[in-house]
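All remarks here apply to the structure that follows.
The values are calculated or read from the model by the stated rules, or taken from the named source; none is laboratory data. Because the structure is predicted, anything quoted here is derived from the model rather than measured. Cβ coordinates were reconstructed from backbone atoms using ideal geometry, including for glycine residues, and neighbour counts include every protein chain displayed.
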Amino acid sequence: MHRFAKLPAALLLGAWLSLGGLMAFDDPDLDGVPSHLDRCPGTSMDEMVDASGCPKRLGLSLGFGAGYSMGDYGGSDTIISQSADLRLGFHKGAWYASVSTSYLDSGVQDPAVDLNSSSGQGDTYLLGGYALSGKKWNLMLQLLVKLPTADTDIGTGETDVGGYATLSVMGGPVGYFATLGYLITGDTATVKYNDTDTITIGAGSSVSPVTYLALSATSAKGLIKGSDRANSLSLMLRRELSSRWYASGNYTAGLSDAVADHALNVGVGYAF
């Protein structure tokens, strides 16, 4: 299978900075609604809102997605993974919750036998959050629980628990955000995994009333003891397709051996 060259970080950053002339919206909570029209400031970035910036109708959303990644993780074999993703979200006021799971297929590319893979349901993730907001800032506090619904040849078979805090601030037409997180991983009878810390920094803007674009860099402690930190650079695009439908895409370039060289995720969602 064709191996794509890694896209240099400087190239992605240059592409992001070149969009500066298009950024003309004052949008502190990054929901795509300018401040002078936003009657509900402080909604989280992944909430579906109406033209007034307020959460839609029942506060329920259903998302479908697909993912693809490839990388050698510092070894001689290329590992290819694919996923079909499902997420159900709920928000009410400053509260947000979701449950998500995937069907996964992953294996090592071997020229002699094509692709040896394992497939099945992935783990299930429960996420709950609460947003605190001011005129020019938003702080989202989140609790994540991973339920081990995947087979042991796909997942660890153990429960993980983590906490995350994301601070978003508006500096003119561009919003800046940073996430700090910590995940306590469950160990198996034979393997002791690292608990992982995560830091993400990035910038984003509503480049039109229906389109949001963001660039971010992430560094996380590797799950396997002795592994490098998982460093990556991501470009995310989200677009409102109608009053109820939205689409999103995310490309991630791996910058260390602990993460896939390339990963692409796309999805669509519907707000009830």
Within region 234-272, residues being assigned to a strand (DSSP E or B), under 21 Å from Ser216 (Cβ atoms) and not aliphatic (A, V, I, L, M) number 15
**Asked** What about Ala214, is it in a loop (DSSP other than H, G, I, E, B), of a type in the set (A, V, I, L, M) and surrounded by 17 or more Cβ atoms within 10 Å (Cβ to Cβ)?
**Response** no
For Thr198, are the conditions met, namely being closer than 22 Å to Pro148 by Cα, in a strand (DSSP E or B), within 14 Å of the chain's Cα centre (by Cα) and of a type outside the set (Phe, Trp, Tyr)?
yes
Against the definition (within 22 Å of Asp123 (Cα to Cα) and without any contact (Cβ under 8 Å) to a residue 60 or more places away in the chain), how does Thr198 come out, yes or no?
yes
If we keep only residues of region 122-150 that are surrounded by fewer than 15 Cβ atoms within 10 Å (Cβ to Cβ) and over 22 Å from Phe90 (Cβ atoms), then the residue modelled with the highest pLDDT is Gly134
Conditions (1) exposed (fewer than 14 other Cβ atoms within 10 Å of the Cβ); (2) over 26 Å from Ile224 (Cβ atoms) -> Pro173 fails only (1)
Selection over region 139-163 where residues are part of a strand (DSSP E or B), touching a Ser or Thr at 6+ places or on another chain (Cβ under 9 Å) and either within 29 Å of Ile79 (Cα to Cα) or of a type in the set (Lys, Arg) (or both) yields a count of 6
Scanning region 238-261 for residues that are buried (at least 16 other Cβ atoms within 10 Å of the Cβ) and of a type outside the set (Gly, Ala, Ser) gives Arg238, Arg239, Glu240, Tyr246, Asn250, Tyr251, Thr252, Leu255, Asp257, Val259, Asp261
Flagged in region 151-164 as more than 20 Å from Ser117 (Cα to Cα) and surrounded by fewer than 18 Cβ atoms within 10 Å (Cβ to Cβ), in numbering order, are Glu158, Thr159, Val161, Gly163
Taking region 218-237 and the residues there that are touching a residue at least 60 places away in the same chain (Cβ under 8 Å) and aliphatic (A, V, I, L, M), the one that is surrounded by the fewest Cβ atoms within 10 Å (Cβ to Cβ) would be Leu235
If you go through Tyr182, Tyr103, the only one that is under 21 Å from Gly202 (Cβ atoms), at pLDDT 90 or above and aromatic (Phe, Trp, Tyr) is Tyr182
